[in-house]
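The values are calculated or read from the model by the stated rules, or taken from the named source; none is laboratory data. In this text the structure is predicted, and so the values were computed from the model without any measurement. Neighbour counts are summed over all protein chains in view; Cβ atoms, including those assigned to glycine, are modelled from backbone coordinates with ideal geometry.
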Amino acid sequence: MCPSWRFRRVVLGSGSAIILATLVVCARTQTSYWRNSELLWTHTLACTSENAVAHNDLGYALFQKKRLDEAIGHFQQALRIKPDYAEAHHNFGNAWLQKGRADEAIVQYEEPCRSTTRTPDRTTTSATFSSRRRGWTKR
C-alpha cells in the first residue's frame, strides 16, 4: 500500500471520529430539552418569537401542573399571536373553568364558533358548556 493512502485513511478516520463525537454531544444537549413538556416549550420560546403553538403547549403543560395563572398568561400570548387559534381558546376556557370562573370559560369556548374555521369538537364543547351554564355556581 502506498504511504500517502495510509496517511489519508488515518486523517479521514480521525476526522470522522471527531465529527461523530461532536454530533453525539449536540444530540445529547438537544435531547436534554425533551425531558418534559415544560422544558421543551420554554426552550422553544427562547429560540423563537411569536410562536402561538409553543405558548399554547407551554400553557397546557403548566395547566396540567395546576399552575393556572402562568398557563393563562401563555394562552393569552398564543391568542395575541393567533386570535383564531381554537385549541388555545379551548385550553384558556379550561383554565378559567378550573379557577371557577365559568363566565370567562364560556367566552373562550364560544370564540371558535365565531371563527370561519370551525372544528366539530370545539363547537360541541361550546354548545355543551353553554347549555350547562345556568347550573354552574361561581366559587
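Here are the numbers for this structure:
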item: All positions within the stretch 14-39 that are in contact (Cβ under 8 Å) with a residue 12 or more places away in the chain and either under 29 Å from GLU104 (Cα atoms) or out of contact with any helix residue (DSSP H, G or I) (no Cβ under 8 Å at 6 or more places or on another chain) (or both); result: SER37, GLU38
item: Test: residue in the stretch 77-97 that is surrounded by fewer than 20 Cβ atoms within 10 Å (Cβ to Cβ), over 24 Å from PRO112 (Cα atoms) and under 17 Å from the mean Cα position of the chain (by Cα); result: no
item: Cβ pairs under 9 Å, 6+ apart, first in the stretch 91-104 and outside any helix (DSSP H, G or I), second not aliphatic (A, V, I, L, M); result: LYS99/ASP69; LYS99/ARG139; GLY100/TRP136; GLY100/THR137; GLY100/LYS138; GLY100/ARG139; ARG101/LYS138; ARG101/ARG139
item: The stretch 21-69: number of residues that are of a type in the set (Asp, Glu) and more than 14 Å from the chain's Cα centre (by Cα); result: 1
item: Helices (runs of 4 or more DSSP H) contained in the stretch 1-82 and holding at least 3 residues modelled with pLDDT under 85 and not hydrophobic (A, V, I, L, M, F, W, C); result: 3-32
item: Cβ-Cβ under 6 Å pairs, at least 6 apart or on other chains, the stretch 57-69 side more than 18 Å from GLU104 (Cβ to Cβ), far side surrounded by fewer than 16 Cβ atoms within 10 Å (Cβ to Cβ); result: ALA61/SER37
